[in-house]
Amino acid sequence: MTTPVTREITPFDGQKPGTSGLRKKTGVFMLEGYVEAFVQSIFDAIEGCEGKTFVVGGDGRYFNAEAIQTILRMAAANGAARCIVGQGGLLSTPAASNLIRQREANGGLILSASHNPGGIDEDFGLKYNTANGGPAPESVTGAIFENTKTISRYVTLETPDLDLSALGEVAPGDMVVEVVDPVTDYAALMETLFDFDAIRALLAGGFAVKFDAMHAVTGPYAHEILENRLGAPKGTVLNGTPKVDFGKGHPDPNPIWAKPLVDLVMSEDGPDFAAASDGDGDRNMILGKGVYVTPSDSLAVLAANAHLAPGYARGLAGVARSMPTSRAADRVAEKLGIGCYETPTGWKFFGNLLDAGKATLCGEESAGTGSDHVREKDGLWAVLLWLNVLAVRKMSVADILRDHWQTFGRNYYSRHDYEAVETEKANAVVEGLVAKLDGLPGTGVAGLTVEEADQFAYLDPVDGSVSEKQGLRVMFRGGSRAVMRLSGTGTEGATIRVYLERYVPAEGDLEIETQQALAEIVLAVEELTQLRAITGRAEPDVMT
Ligand code: G16
């Protein structure tokens, strides 16, 4: 039946988009009517679909294929004119952002729970991106959430599943579904930004690279770009076939979950450069022989060197980072005399700065780096920019990093995560610190002196919107800092994130082991919050 049918539905609790869309256990998404209630709430929040074009795709995790069929039926029934879908339902998040922009679509529905594991007992997610290609701003996600509370019906078609395996057009009802190759347009965009000849020459000269796609969506992109177009030897891309359960792994490119890759670069005969990306291809981890580059340092190094790539040769308009990200990039911006912006956690907050031309490069401590080429962070883009810089500077990653610290000083940095904490305990930790903030300036804690303490609030310089309660900050004399906030992407209990930073100037000791460099701040956080005492945790689950 290609005539739209209306079905009654009752609202589901908790369909509130978090840091990046709605993320829940897969089983919750699979409840009858759950996807439909959320998708109809999106369509209603954007004032319907009549005549509109959407990009639809996901990271290929368990339930990706089924959810896409539901979305396509509903888009058609709601009057959409066209949906552009990645072949097999696959699109990396940055590639989806690119398609929305390139094809001037009205928006996109992206299915992913990012770096979280996939499977029937694991995680799933769905988010809406607007016409600029970026995650919907809070005004839109707020409207979606309001709709989810009162939704009483959705509209769909009673048509069989579409075949999304072949390129071309199919038509359920009056809407056209265009199945596109997920890689082609994205790879073409990368060729416009980077000096592929220089990178090709670097690789041909024996510079060894490994890229771990972690059984997730970047596999096909990395095979095409690194191996086919840049000539890296076959085998450069590891775990390059997307799997619905990511090979039962945790597709999170950090030293814990990508440990085999880290071990490889730390070994005697490891590659010169290694990198990994996450479930949906927007995060990245950068490694060089014997060295791990923190995401905060990566942003700073890329900001200082981006002009070496053709796409950024005219210089940067500005740099933006999320508040908990280290302030290493700020020092680069200051030296370059360009704008520097501090936003709340969540890529959506960069959208206005990028659209307004205020920032060219953005980055986050959570392994996200990107630029104004799309409106999402972009894992492979970061890898290619690093390779372009390496090809021009002809130095090792370790030497580039050392040179950077000797110029700007070093912001030692680490994030400590306490995962799946009981919500009441996590709230008690945060509320305890909130209550103390005003009295902290001038006091001593674990040998450090507090200079300032506050709750971060953001005034968007483009649209004037204000976002409050975006994390607790304690600044210590001498440039050290501790930040605490609750994750907005977890699906189980609460995740407490503690972000630790210590600045050492260029003439200071630049070679301290990171956790050792931050040990005093860890003690100060415990004294201030009683985090470990309240949660009963002896140590963090993850240290990045
Ligand atoms: C998302 C957001 C990022 C954010 C990260 C962690 O990334 O897009 O901006 O930094 O979550 O957020 P939280 O600290 O609230 O868990 P992704 O890669 O998960 O989509």
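Please find, among LEU336, LEU380, LEU316, LEU287, the residue that is under 30 Å from ASP269 (Cβ atoms), more than 16 Å from the ligand (Cβ to nearest atom) and outside the structural domain of GLY133 (by TED's automatic domain parsing).
Going through LEU336, LEU380, LEU316, LEU287 in turn, just one is under 30 Å from ASP269 (Cβ atoms), more than 16 Å from the ligand (Cβ to nearest atom) and outside the structural domain of GLY133 (by TED's automatic domain parsing): LEU287.
Please pick out the residue among ASP463, ASP438 that is open to solvent by 60 Å² or more (accessible area, probe 1.4 Å), under 30 Å from ASP355 (Cα atoms) and out of contact with any Cys (no Cβ under 8 Å at 6 or more places or on another chain).
None of the other options fit; the residue is ASP463.
Being modelled with pLDDT under 95, away from the ligand (no atom under 16 Å from the Cβ) and of a type in the set (A, V, I, L, M, F, W, C) is true for just one of ALA533, ALA457, ALA453, ALA506. Which residue is that?
That would be ALA533, the only listed residue that is modelled with pLDDT under 95, away from the ligand (no atom under 16 Å from the Cβ) and of a type in the set (A, V, I, L, M, F, W, C).
Quick check on my filter: what residues within segment 125-137 are under 21 Å from ALA37 (Cβ atoms) and within 13 Å of the ligand (Cβ to nearest atom)?
Passing the criteria: GLY125, LEU126, LYS127, ASN129, PRO135, ALA136.
From GLY471, GLY508, GLY464, which residue is closer than 17 Å to GLU365 by Cβ and not assigned by TED's automatic domain parsing to the domain that holds PRO295?
The match here is GLY471.
Show me the strands (runs of 3 or more DSSP E) entirely contained within segment 1-120 in which 1 or more residues are within 16 Å of the ligand (Cβ to nearest atom).
The qualifying strands (runs of 3 or more DSSP E) are 22-25, 53-58, 107-111.
Across segment 203-234, what is the number of residues that are closer than 14 Å to ALA276 by Cα and of a type outside the set (Ser, Thr, Tyr)?
The number of residues fulfilling the criteria is 14.
Condition check ((1) within 21 Å of GLN530 (Cα to Cα); (2) of a type in the set (S, T, N, Q); (3) under 22 Å from the mean Cα position of the chain (by Cα)) across all residues:
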position: GLN406; (1), (2), (3): no, yes, no
position: ASN411; (1), (2), (3): no, yes, yes
position: TYR458; (1), (2), (3): no, no, yes
position: PRO461; (1), (2), (3): no, no, no
position: GLU468; (1), (2), (3): no, no, yes
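Please work out which one of (1) surrounded by fewer than 14 Cβ atoms within 10 Å (Cβ to Cβ); (2) in contact (Cβ under 8 Å) with a residue 24 or more places away in the chain is the condition GLU431 fails and give its number.
Going through the list (1) surrounded by fewer than 14 Cβ atoms within 10 Å (Cβ to Cβ); (2) in contact (Cβ under 8 Å) with a residue 24 or more places away in the chain, GLU431 breaks only (2).
Cβ-Cβ distance below 9 Å, separation of 6 or more or different chains: which pairs start in segment 353-367 with a residue that is closer than 13 Å to ALA306 by Cα and end on one that is near the ligand (Cβ under 10 Å from one of its atoms) and part of a loop (DSSP other than H, G, I, E, B)?
That search, which allows pairs on different chains as well, returns CYS362/LYS377.
The values are calculated or read from the model by the stated rules, or taken from the named source; none is laboratory data. Model, not experiment: these values are computed from the prediction. Counting neighbours? That spans all protein chains shown, and the Cβs are built from the backbone with ideal geometry, glycine included. Quick note on the areas: whole protein, heavy atoms, side chains included, nothing else; ligands and nucleic acids left out. Shrake-Rupley method; radii C 1.70, N 1.55, O 1.52, S 1.80 Å.
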